[in-house]
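Q: So that we are looking at the same thing, I have put the structure below in structure tokens.
The values are calculated or read from the model by the stated rules, or taken from the named source; none is laboratory data. All of these numbers come straight from a predicted model, not from anything done at the bench. Virtual Cβ from ideal backbone geometry, glycine too; neighbours counted across all protein chains shown. Quick note on the areas: whole protein, heavy atoms, side chains included, nothing else; ligands and nucleic acids left out. Shrake-Rupley method; radii C 1.70, N 1.55, O 1.52, S 1.80 Å.
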Amino acid sequence: MDKKKLFDLILFIGNKVNKFKSGSLKVNKLIWFIESEAYRTRGRTITGVDFVALPKGPVMDNYKALFSEMESLGLIECSYSDAGRKLFSTKKDTALDRLEDGEKLIVEHFISGFKDLGEATLEGMSHKDAWNITLHESNNKFGEIIDMDLVLLESNPFKNLPIVTDEDSRELKKIAENLPSSCMSSITTLKEAS
């Protein structure tokens, strides 16, 4: 597992989702969807984090320890809601500089499309074949590692996401470098407006 990439991804998600003033379930679900899509379209996950099947669906293995480590490093802080629920908020901004361009597209797609969905909705969406098969194979024992190959069995709910390889990204950068500066400023203006 590339912990630096994972921590960057968690911080990035946190900064895009109401400054991450939420429980760990939402970030776990967003990372599950991002990593599943990366595996489905690119043949590998972004961070290499393992996921386990728990009652609320797939979550990062040892996520509590990961969040505790991030808290001890001063990357996030925790507080408690009036109901006693543990909430996290980010203390640091981050860019996704460690991610490849194709990986960034997947992350940005899921953040823009899923950031406003509630935890219950995301939880329901995560109860698919990979989670179900893992539970079945383990005789309904929670905490078993999910084999990422199982996401390949699932119908792709994210069909509209373009598959962009790193080679595609490099080619697009070359094309952009050769565009006149007037085109680039128009593209930047359009991007900022969206």
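Q: Can you name the residue in the range 63-83 that is under 24 Å from Gly124 (Cβ atoms) and not aliphatic (A, V, I, L, M) and, of all such residues, is most open to solvent (accessible area, probe 1.4 Å)?
A: Only one residue fits best here, namely Lys64.
Q: List every residue pair whose Cβ atoms sit under 6 Å apart, with the two residues 6 or more apart in sequence or on different chains, where the first one lies in the range 91-115 and is within 17 Å of Met125 (Cα to Cα) and the second, anywhere, is open to solvent by 70 Å² or more (accessible area, probe 1.4 Å).
A: Listed by first residue and then by second, the contacts come to Ile111/Lys16; Lys115/Lys16.
Matching residues to (1) surrounded by fewer than 17 Cβ atoms within 10 Å (Cβ to Cβ); (2) small (Gly, Ala, Ser); (3) within 11 Å of the chain's Cα centre (by Cα):
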| site | (1), (2), (3) |
| --- | --- |
| Glu37 | no, no, yes |
| Arg85 | yes, no, no |
| Ala95 | yes, yes, no |
| His109 | no, no, yes |
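Q: For the range 115-145, which positions are over 18 Å from the mean Cα position of the chain (by Cα), under 13 Å from Pro55 (Cα atoms) and open to solvent by less than 70 Å² (accessible area, probe 1.4 Å)?
A: Passing the criteria: Thr134, Leu135, Gly143, Glu144.
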